[in-house]
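Each remark here refers to the structure printed beneath this line.
The values are calculated or read from the model by the stated rules, or taken from the named source; none is laboratory data. Computed from a prediction, not measured in an experiment: that's the story for all the values here. So basically every Cβ, Gly included, is an ideal-geometry build from the backbone, and we count neighbours across all protein chains shown. Heavy atoms of the whole protein, side chains included, go into the accessibility calculation; ligands, DNA and RNA do not. Shrake-Rupley method; radii C 1.70, N 1.55, O 1.52, S 1.80 Å.
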Amino acid sequence: MAFLRLSSNAHNPWMVSRHSKWQVVFFILCFYGVDVIYCNARYSITEEMPEGSFVGNIAKDLGIEISRLISGKARVVTKGGRQYVDLSRDKGTLEVKERIDREELCKQTTPCSFSFDLIVENPIQLHRVTVEVQDINDNAPLFPKENVNLEVSENAISGTRFPLDSAIDTDVGLNGIQSYKLHPTDSFKLEVHSQTDGNKYIEMVLQRELDREERDEIKLVLVATDGGSPQKSGTVKIHVTVLDVNDNAPVCKQSVFKTEVRENSPAGTVIGTVSAADADEGVNGQVSYSFALASKEARELFEINTETGEIRLLDHLDYESQNSYQINIKARDKGGLADTCKIVIDVIDENDNSPTIQLMSFSNTLPENSPVGTTVAVINVEDTDSGQNGLVQCSINQNIPFKIESSLTDYYTLVTDDMLDRESLAEYNITILVSDKGITVRHANKTLNVKISDVNDNPPVFEFEEYKKFVSENNSPGLTIMTVKANDADWGPNAQLSYFLKDEDMRGAPLRSLVSVDSHTGTIHADKSFDFEQLKSFAFNVTARDGGSPPLSSEVTITINIQDQNDNAPQVLYPEQTGASVVAEIIVPRAADVGYLVTKVVAVDVDSGQNAWLSYKLQKATDRALFEVGLQNGEIRTVRQVTDKDAVKQKLTVVVEDNGQPSRSAVVSINVAVADSFPEVLSEFTDFTHGKLYDESLTFYLVLALAAVSFLFITCVVVIISVKIYRWRQSSFLYQSNLPVIPYYPPHYADTGVTGTLPHGYNYEVCMTTDSRKSDCKFSTLGGQNVLVVDPSFTETMQRAMKETNILEKSEQQEVVRSLQE
C-alpha cells in the first residue's frame, strides 16, 4: 500500500478565469493485488470551471504510461447521473466535460464531491477517482420579497418586535450571508439571532413611540452581505405605515332615509345613498356600510357599496309581489365603532306584466270535412295588472279559415270560419295575439298547430291520359311492358292504390291471357308471346283504386302496338311449290336473244316493312354466263345469245331473301330446256324425268315391271286399243281448251307498277300431235303474242289440266306402262 499527497498550482490556460486561478489538489491511495491494481485518487477543483479545464494528470499521478492508457482502452465510467469529467487518452489528463454548479450538485451539503471509475484493460486496472467541488462566491444574498409593507399603530409601545424574512444565499461557508444592516435606525433597530441549526433569523425592534400626526410613514432599507471575495449583498425595502388610533365613532346624517323606485327599473339602478361622518382622520375616519337587518328578498334585490353607502338594484322588482322594503344599515369605521340608520324603499307600479294565455281545451286534429263553426280550442286570457293595464284584447293571424270569438269574461273560443281542404294545406299554425291597454302596450302570443286529417275525397289520377307502348313480337312470356302510375292527393290509406285489369275479351280471348298488371306497382307484364301476323295492336283499360271507404277509382287506356320481327321466310307463289322443293320446267328456244325473259319468280313475305322487302339472287346455274335474275322483280333473263353449244338441260337455283335482320330466304329450282324441237326437249326431259323417278323409286318400279311382264300377254291388246283412243281424245281436248302454261314475257317487257309479289295472268294456245313422243313444239305469232306448244306429260301445269278429267288420268297411266314396256 502506498500513500501520496500532492498539491500544485497549475498555470494552465484552461484553468484561468477573469477573477482567480483554480487550485487543484489530489491524493492517491493504491492497493496492489495479484491480478488487479486498485487505486483511489482524489482531486479538488472549484465550481464553474469552463469545459476542457484541467482537473489532473491521472497518468502521471498513477504512474501509468500514455501508451498503456491507449492500448488498455482506458475510459471513465460514471454510475448514474451526469458525467462532469472526461479522460484525454493521448494526454493522460482528466478534463472538465461540462460546467459544474456546486449549488445544483450538492445544494447546502459540504463538502461537495462526486466520484467515477477509471478502467484500464489487459491487465485490468480499476481506479476510483473522487473530485471535490469547492464553492466560489457566485451567488448574492436574495430576500424573498423586494418590498415589505408593515402597519404599526401609533400607540405601539417601545420594544415591540416585528419579524422579518431572512435573506437566502445558496453559497456556503464564508461565501454565505455574514451580516445584516438596517438604516436609518432612528425609530427601529435590527437584531440578528442564531438558531441551533446554524441559520439566522432577524427582527426589527421599535425604539420609540410613533406619532401619526407627526409622521405617518417610515421607509427603511435592510442589507444582507456575504463574506466572499468580492463581497456580494442583497437588499429589501421596508415601508412602515403608522396607523391612527380610533377614538371617534361614525354618526349617520339621518336616522331614516326614504326613496322611491319604479318596478321596471333595470338592474344596476342607483336607488339612494346612505352617509355617515367620522371625526377621526385617515383610516379611523373611513366608514364602511353594510346591511344590518334586511329580509332575504331585500338582500337578493339590493346591494350597498361598502365605501360610498350607495344602494343599487340587483334584480327586477315586482310591484305585485311586494311594494315596499325597509332595510337597517350599519355604518362602521376601521376601528370597529359603528352607528345604525334605516332606509325605506317604496316601489312605484308600472305596466310590467304581459297578458297570459292558457288553453282550456284544444283539438289539434280536424277532419277536412268539418262543418263551419266547429270548435277548435277554448282559451283563457288574463293580465295581473289593474285598470287599463289589465284590460286585454285577443285576435288571430289573418287569411286562415278560422276566427276567434269572445264567449265569457277572459274566455275566447277558436272556431272554423270556412271549409277545410287537406290537399290544399295539411296543417295550420294559428297564432293567438293578446295585448293590454296600458300606456306601454304589452303583448303575448301563442301558436297552435292544427293538423287537418284526410277524408277520401280525391280519386286517383294517372300521370298520362293515355299510354302507348311498342312491343316486339316473339317476346318472352312475363316480359315487363311498362309501368303505369297514378297519384292520389289524399293521404294514408286513402292514397294507397291498387291496380287491376277490367274483365273483357280481346278478339275472342280473355284479356288476362294476353297481359297482367301488378296490383301494387302498376307494372304490366305480357303473359304470352305476341305474333304480329296475328295481332298487330290491342287496347285495354287499367283501373287504379284507392284504399278509402268508400273507395274511389279511375281508368286509363293502354294501347299496345306489336312491332314486327323477321320471323317468317319468303313464300314462293310461282313457280308453285310441290312437296318440299320447288321445281319448274321452262323451254328456251335456241334463237332467244339477249334479255329474253325465261320466267319470273314470284314470292311474298307475310312480315311487314323492310322484313318483307324481297331480293332475288341466282345461287346455282349450269351455265352462269347464260342467265341472270332481276334483283328486285325476280325476272330470269338470258345474258347472252343462246348458241348451239349450250346444253339442252339447264338447271337454275334461285334464292329469294328478305331484308330482315337476320334475313330469311327460300329456294326455288327451275329446269330450263334449250332446244328448238319438241322431240329433243321431250327426249331429254323424259330421260331426265324417268331417270330421276327410277333413282327415287327403284323398288316401286321393280314391282311394277314384274307385274307388267306377268300380265303382258293379257293386257297387250287392251293397251294398244287404249293408246289409240287416248291419242285421239287428247288431240281433240287440246284443240278445244285454253290450258294455263308457264308464262312467256316478250323481250324488253317492263312490269310497270308491280313489286314482284303477284303474278300476271296470260292466255296461251297449245298444239300437240297425236304422237306425244314425237310432237314438235311450235311457236306462232298471233296478234303480237307468242304461242308455245308443249307436251303436258312433262309439265306440272299440263298435268293439273289433265287431272280435270278421268280420261286424261287414265291416258297418263297407259303412257307410263307403254314407256316401261319399251
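In segment 144-166, the residues that are hydrophobic (A, V, I, L, M, F, W, C) form Cβ pairs under 8 Å with partners that are open to solvent by 80 Å² or more (accessible area, probe 1.4 Å), at six or more places apart or across chains, as follows: Val148/Asp165; Val148/Lys237; Ala156/Glu209; Ile157/Glu209. Counted as qualifying within segment 283-360 are the strands (runs of 3 or more DSSP E) with 2 or more residues that are not hydrophobic (A, V, I, L, M, F, W, C), namely 287-293, 310-313, 324-333, 338-348.
Selection within segment 441-458: residues that are touching a Pro at 6+ places or on another chain (Cβ under 9 Å) and more than 30 Å from Asp352 (Cβ to Cβ). The member of this set that is surrounded by the fewest Cβ atoms within 10 Å (Cβ to Cβ) is Ser453. If I go through segment 585-621 residue by residue, how many of them are modelled with pLDDT under 85, part of a strand (DSSP E or B) and not hydrophobic (A, V, I, L, M, F, W, C)? Within segment 585-621, residues that are modelled with pLDDT under 85, part of a strand (DSSP E or B) and not hydrophobic (A, V, I, L, M, F, W, C) number 2.
For segment 139-156, the tally of residues that are surrounded by 18 or more Cβ atoms within 10 Å (Cβ to Cβ) and either assigned to a loop (DSSP other than H, G, I, E, B) or touching a helix residue (DSSP H, G or I) at 6+ places or on another chain (Cβ under 8 Å) (or both) stands at 4. Does at least one position in segment 642-665 carry a residue that is among the basic types (Lys, Arg), in contact (Cβ under 8 Å) with a residue 60 or more places away in the chain and out of contact with any Gly (no Cβ under 9 Å at 6 or more places or on another chain)? Yes, some residue in segment 642-665 is among the basic types (Lys, Arg), in contact (Cβ under 8 Å) with a residue 60 or more places away in the chain and out of contact with any Gly (no Cβ under 9 Å at 6 or more places or on another chain). Within segment 60-95, can you find the residues that are among the β-branched types (Val, Ile, Thr) and closer than 18 Å to Arg42 by Cα? Residues satisfying the conditions are Ile64, Val76, Val77, Thr78, Val85, Thr93.
From the list Gln231, Gln207, the lone residue that is assigned by the TED database to the domain that holds Glu154, modelled with pLDDT under 90, over 30 Å from Arg332 (Cα atoms) and touching a strand residue (DSSP E or B) at 6+ places or on another chain (Cβ under 9 Å) is Gln231. Once segment 330-356 is narrowed to residues that are in contact with a Lys or Arg (Cβ under 7 Å, 6 or more places away or on another chain) and under 20 Å from Asp278 (Cα atoms), the residue that is surrounded by the most Cβ atoms within 10 Å (Cβ to Cβ) is Ala338.
Among the conditions (1) assigned to a loop (DSSP other than H, G, I, E, B); (2) open to solvent by 80 Å² or more (accessible area, probe 1.4 Å), the only one that Lys468 does not satisfy is (1). Keeping to segment 367-377, report how many residues are open to solvent by 40 Å² or more (accessible area, probe 1.4 Å) and touching a Ser or Thr at 6+ places or on another chain (Cβ under 9 Å). Residues in segment 367-377 being open to solvent by 40 Å² or more (accessible area, probe 1.4 Å) and touching a Ser or Thr at 6+ places or on another chain (Cβ under 9 Å): 5 in total.
Residue-wise test of (1) open to solvent by less than 80 Å² (accessible area, probe 1.4 Å); (2) in a strand (DSSP E or B); (3) closer than 30 Å to Ala277 by Cα; (4) without any contact (Cβ under 8 Å) to a residue 60 or more places away in the chain.
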site	(1), (2), (3), (4)
Leu190	yes, yes, no, yes
Asp211	yes, no, yes, yes
Arg215	no, no, yes, yes
Ala224	yes, yes, no, no
Gly234	yes, yes, no, no
Thr241	yes, yes, yes, no
Asn246	yes, no, yes, no
Phe257	yes, yes, yes, no
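For Asp117, the conditions (1) outside the structural domain of Val205 (by the TED database); (2) open to solvent by 40 Å² or more (accessible area, probe 1.4 Å) are fulfilled apart from (2).
Residues that are farther than 30 Å from Gly173 by Cβ, among the polar types (S, T, N, Q) and without any contact (Cβ under 8 Å) to a residue 40 or more places away in the chain do occur in segment 84-92. Of everything in segment 425-444 that's touching a strand residue (DSSP E or B) at 6+ places or on another chain (Cβ under 9 Å) and among the polar types (S, T, N, Q), which residue is farthest from Ile400 (Cα to Cα)? By that ranking, first place goes to Ser435.
Being touching a strand residue (DSSP E or B) at 6+ places or on another chain (Cβ under 6 Å), within 26 Å of Asn175 (Cβ to Cβ), open to solvent by less than 50 Å² (accessible area, probe 1.4 Å) and not in a strand (DSSP E or B), is that true of even one residue in segment 126-135? Among the residues of segment 126-135, not one is touching a strand residue (DSSP E or B) at 6+ places or on another chain (Cβ under 6 Å), within 26 Å of Asn175 (Cβ to Cβ), open to solvent by less than 50 Å² (accessible area, probe 1.4 Å) and not in a strand (DSSP E or B), which makes the answer no. Can you name the residue in segment 403-434 that is of a type in the set (Gly, Ala, Ser) and open to solvent by 80 Å² or more (accessible area, probe 1.4 Å) and is also nearest to Ser370 (Cα to Cα) among such residues? If we take residues in segment 403-434 being of a type in the set (Gly, Ala, Ser) and open to solvent by 80 Å² or more (accessible area, probe 1.4 Å), then Ser424 is nearest to Ser370 (Cα to Cα). Would you mention how many residues in segment 157-185 are open to solvent by 80 Å² or more (accessible area, probe 1.4 Å), within 17 Å of Ile238 (Cα to Cα) and not in a strand (DSSP E or B)? Looking only at that region, the number is 1.
Residues that are small (Gly, Ala, Ser) and at pLDDT below 90 were ranked within segment 378-402; the one that is most open to solvent (accessible area, probe 1.4 Å) is Ser386.
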